[in-house]
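The values are calculated or read from the model by the stated rules, or taken from the named source; none is laboratory data. This structure is a prediction, so every number in the text was calculated from the model and none was measured. We place every Cβ from the backbone using ideal geometry, glycine too, and count neighbours over all the protein chains shown.
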Amino acid sequence: MAKKTSQPGRTLLTFFIAVAVLYGLAALGGTAKPKLGLDLEGGTRITLTAISGVSPSKLQQARGIIDQRVNANGVTESEVTTQGSKNIIVEIPGKNSKSLVDSVKRTAQLRFRIVAAVDSGIPVPAPTTSPGASPSTSPTATPSGTVSPAAPTSSSTATPKPRVAPHYADDARNKKKKTTPTATPTPTATATPGATPTAPAQTSKGASVDDPIAWGQDPGDAWKAKFAAFTCPPKGQEAAPVVDNPSEPLLTCNDDGLKFLLSKTMIEGTQLKSASYGIPQASTSWAVDLKFKSSARKTFADATRALYNNGGQFAIVLDGKVISYAGVNQPILDGNAEITGTFSEAEARSLSTSLKYGALPVRFADDPTVEVVGPSLAGSQLSAGIFAGIIGLLIVMVYCLLYYRGLGLVVIASLLIAGMVTYATVLVLAKAAGFTLTLPGIAGLIVAVGITADSFIVYFERIRDEMRTGKSMRVAVEAGWVRARNTCLAADAVSFLAAVVLYIFAIGVVRGFAFALGISTVIDVIVFFFFTKPMVSLLARRRYFSSGSRFSGLSPETLGIDEPGRRQPQLTGGAA
């Protein structure tokens, strides 16, 4: 059977096509410059001052939650630190950080309330509406989903857990899509399967505010009048701050301009154990999973059982604004709920993040100090750092040219290609993952130059060793590759593992250094396998290198096999 021969030309073509695709993705991002960190570009500093419930442990807990909030969607390199006994300082890089600024300024009081009215009237369940569907006849009041128990992961005869599906009030989306009723499992004995919800008797005084379920069905004439007089700004405009008193009903809005009349708080955000998002099994749409602490399970079970029976809805309120509201498909008895609906991935992630990082253990002043700051490093210092990096790169190139001569050109070309791939990767990650380049990150990229050059040196020395035994260059290239690649992979694996460990356990800008080092190490492996090796294989087929010319880097003098009294092996020996 004929031995399979390498095809370096095809490998190089594939590699350059991949690089072109990478630059195409960077071009789609619409930027030719990487995002710079606070130390290089400046940004925004926010000072939060705690006014109640302050203790050193709670302040550190709040700092951790805010840090997770501002850095949850990428490597943005935002810095969150405590100052004194009451202040938290948040520094966000870049000039266009309004969304992050708004996220930090949120006091993040998360609460669950019963919906008494939405949009333009008290929702009365239609006789033909099945439980979990929207009880309002107004199209603008249609919830975007329903709440249900978590779907079973395997077949079982046990009663499945109840699930909740969220309702997002988006006029355009609600007109285009209709919620498909799902099969409702047999509820508990208190719920009548298939029963038609009926509107409760309305009284002028209304039900007691301290009974949110009953009050949600009968809020009374006074609250109906307040709701009728209440207005929301048009969609896209910021509403005025709302005073969110958990023991009182609430008049508020959502981002779509819908107005809500809500009961007193039933469950606080601090009673939520966890929140995550994903695509459930046997489904094609995104969902948000909720897990409540034991202190809220009974309350949530009673609420979902009542809402299932009367066709009502509950709302999730963050800082006085409704971020989601939902009907109930089935009573949820174990505190594990799943919100489903017409979610996009971004919507599911945003809701999950708001739920997960919503509640802070301390209360901060409503007017935090926001100021624009300049870069912490002077321009001359940054220029000096970049200049030092360039000088170091040039020294490596010159050394390789003097020592390896013709083969040094491969080193230079590989380093330039690695630099191009790294730059494009930084641009793509800045757009896709929010990667921000700081001075420690630049240091990580520069350190990786030495790792990349080390791979070339190991490979070239293996080739020279094989040629000293009398093999031709073409044979030595392949034999040296087999021995060198494992050594290089082992070294890169150690470097990558160190970067991963440092990234996991470090904080602040040190994580940026680790991230850049890890990315550069991966790029080194790619360039070494798909550019350096094919290039050397192509050069081995050129007579200038295979014949051991003086400036090829593979001459007998360079290999050290022309010493007096030493037998000189034939460079043309071996199978080509």
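When you go through (1) surrounded by 13 or more Cβ atoms within 10 Å (Cβ to Cβ); (2) more than 27 Å from the chain's Cα centre (by Cα) one by one for residue 222, which number turns out not to apply?
Failing condition for residue 222: (1).
For the range 251-300, enumerate the residues that are over 16 Å from residue 339 (Cβ atoms), touching a Ser or Thr at 6+ places or on another chain (Cβ under 8 Å) and part of a strand (DSSP E or B).
Answer for the range 251-300, where residues must be over 16 Å from residue 339 (Cβ atoms), touching a Ser or Thr at 6+ places or on another chain (Cβ under 8 Å) and part of a strand (DSSP E or B): 259, 260, 262.
Within the range 323-371, track down each residue that is surrounded by fewer than 24 Cβ atoms within 10 Å (Cβ to Cβ) and of a type in the set (Val, Ile, Thr).
Within the range 323-371, 323, 342, 353, 362, 369, 370 meet the criteria.
Give the residue that is farthest from the chain's Cα centre (by Cα), with candidates limited to residues of the range 398-429 that are more than 14 Å from residue 452 (Cα to Cα) and small (Gly, Ala, Ser).
Selected residue: 406.
Sort out which residues of the range 402-446 are β-branched (Val, Ile, Thr) and at pLDDT below 85, and write them in order of number.
436, 438, 442, 446
Across the range 512-532, what is the total count of residues that are of a type in the set (A, V, I, L, M) and within 29 Å of residue 93 (Cα to Cα)?
Of the residues in the range 512-532, 6 are of a type in the set (A, V, I, L, M) and within 29 Å of residue 93 (Cα to Cα).
Considering 188, 265, 284, 196, which residue is among the β-branched types (Val, Ile, Thr) and modelled with pLDDT of 90 or more?
None of the others qualify; the one that does is 265.
Taking residue 547, is it surrounded by fewer than 17 Cβ atoms within 10 Å (Cβ to Cβ) and hydroxyl-bearing (Ser, Thr, Tyr)?
yes
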